[in-house]
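To start, the structure under review is shown below, and the notes come after it.
The values are calculated or read from the model by the stated rules, or taken from the named source; none is laboratory data. As the structure is a prediction and not an experimental result, all values here were calculated from the model. Cβ atoms come from the backbone with ideal geometry, glycine included; neighbour counts cover every protein chain shown. Accessible surface areas use protein heavy atoms only, side chains included; no ligands, DNA or RNA. Shrake-Rupley method; radii C 1.70, N 1.55, O 1.52, S 1.80 Å.
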Amino acid sequence: MQQFWPQNKRAALSISFDDSRVSQWENGIPILDEYGIKSTFYVMPHVVENHLDAWKSAAANGHEIGNHTVTHPCSGNFTFSRNKALEDYTLARMEEELRGANEAIKVLLGIEPQTFAYPCGQTFVGRGKNTQSYVPLVAKRFLAGRGFNGESANDPTFCDLAQLIGMPGDVQDFALLEKHLDKTLQDGNWLILAAHDVGTERQSISMEALRAIGEYTKIHPELWTDTVANIASYIKQRRDTACRVR
Ligand SMILES: [Zn+2]
């Protein structure tokens with residue numbers, strides 16, 4: 001493959017966190033900042049509002065703040081989402097979720113989110129024959145949309161920016177991540193990790209594992225570690241240029 005990534009870089013990594021949880025800025029951001037890693041945080045505005053200063057300083061520090069809807073609607077099979085089930089949603093209602101969250105984040109943090117993470121990684125509204133994908137809504141409004149619980153990295157020459165694969169980042173042990181990181185470097189791909197809490201008991205990446213990622217990026221400067229928006233924007237630009245040249 002012709003060199004796709006910027007000079008001296010062979011692959012890319014983004015670490016992303018969902019749901020604007022407290023442990024992200026209490027435990028995670030200090031470690032990320034120590035290693036100079038810029039991450040992406042997919043937030044819900046009403047949660048950000050409770051800890052506004054912490055999120056303001058994360059954003060001022062170069063971390064990306066992305067959209068994760070207003071109410072976090074998922075399949076009603078999750079009991080927490082039964083009264084806001086995607087099965088009962090329409091595209092218009094989903095559009096409101098995307099617009100409303102962008103607007104509220106703009107008011108709270110003065111930022112226009114550029115990328116989006118699908119709550120629960122689910123991309124549909126409705127059910128059965130009336131199911132519709134809301135990926136096109138995300139594609140229209142955002143530079144990129146990230147999924148969840150995927151099983152591979154993204155091929156920068158092929159991937160759909162509106163449906164980027166997010167790999168499970170909630171791990172206690174670095175060993176598994178290391179395999180993914182090695183393979184990503186080998187394949188020249190873009191690995192996006194999607195985690196929730198940091199250093200708590202459940203749905204969490206351990207502080208040790210996060211630190212180990214930091215160490216890995218130090219030993220592997222050829223791995224471009226940056227926010228989802230920065231890497232997506234490079235890919236978009238790179239592809240546009242390639243098309244013009246052809
Ligand atoms: Zn979420």
Residue that is farthest from the ligand (Cβ to nearest atom), among those in segment 187-203 that are touching a residue at least 60 places away in the same chain (Cβ under 8 Å) and out of contact with any helix residue (DSSP H, G or I) (no Cβ under 9 Å at 6 or more places or on another chain): GLY188
Subset of segment 199-227 (residues that are closer than 18 Å to ARG10 by Cβ and not in a helix (DSSP H, G or I)): HIS220, PRO221, GLU222, LEU223, TRP224, THR225, ASP226
Test: residue in segment 228-235 that is assigned to a helix (DSSP H, G or I), within 16 Å of the ligand (Cβ to nearest atom) and buried (at least 22 other Cβ atoms within 10 Å of the Cβ): yes
Residue check for PHE4: within 16 Å of the ligand (Cβ to nearest atom) and either over 25 Å from LEU185 (Cβ atoms) or not charged (D, E, K, R) (or both): no
Selected residue (only one of LEU210, LEU176, LEU181 is open to solvent by 50 Å² or more (accessible area, probe 1.4 Å) and either within 19 Å of the chain's Cα centre (by Cα) or more than 16 Å from the ligand (Cβ to nearest atom) (or both)): LEU176
Identity of the residue in segment 37-61, within 16 Å of the ligand (Cβ to nearest atom) and either more than 18 Å from the chain's Cα centre (by Cα) or in a loop (DSSP other than H, G, I, E, B) (or both), that ends up surrounded by the fewest Cβ atoms within 10 Å (Cβ to Cβ): HIS46
Residues of segment 148-169 classified as surrounded by 20 or more Cβ atoms within 10 Å (Cβ to Cβ), of a type outside the set (A, V, I, L, M) and free of Cβ contacts under 8 Å to residues at least 40 places away in the same chain, total: 1
In segment 10-24, the residues that are surrounded by fewer than 20 Cβ atoms within 10 Å (Cβ to Cβ) and assigned to a loop (DSSP other than H, G, I, E, B): ARG10, ASP19
Per-region count, segment 25-36, residues in contact with a strand residue (DSSP E or B) (Cβ under 9 Å, 6 or more places away or on another chain) and surrounded by 15 or more Cβ atoms within 10 Å (Cβ to Cβ): 8
Residues located in segment 62-83, provided they are open to solvent by 10 Å² or more (accessible area, probe 1.4 Å) and within 13 Å of the ligand (Cβ to nearest atom): VAL70, THR71, HIS72, PHE78, PHE80
Residue match in segment 80-100 (condition: assigned to a loop (DSSP other than H, G, I, E, B) and acidic (Asp, Glu)): no
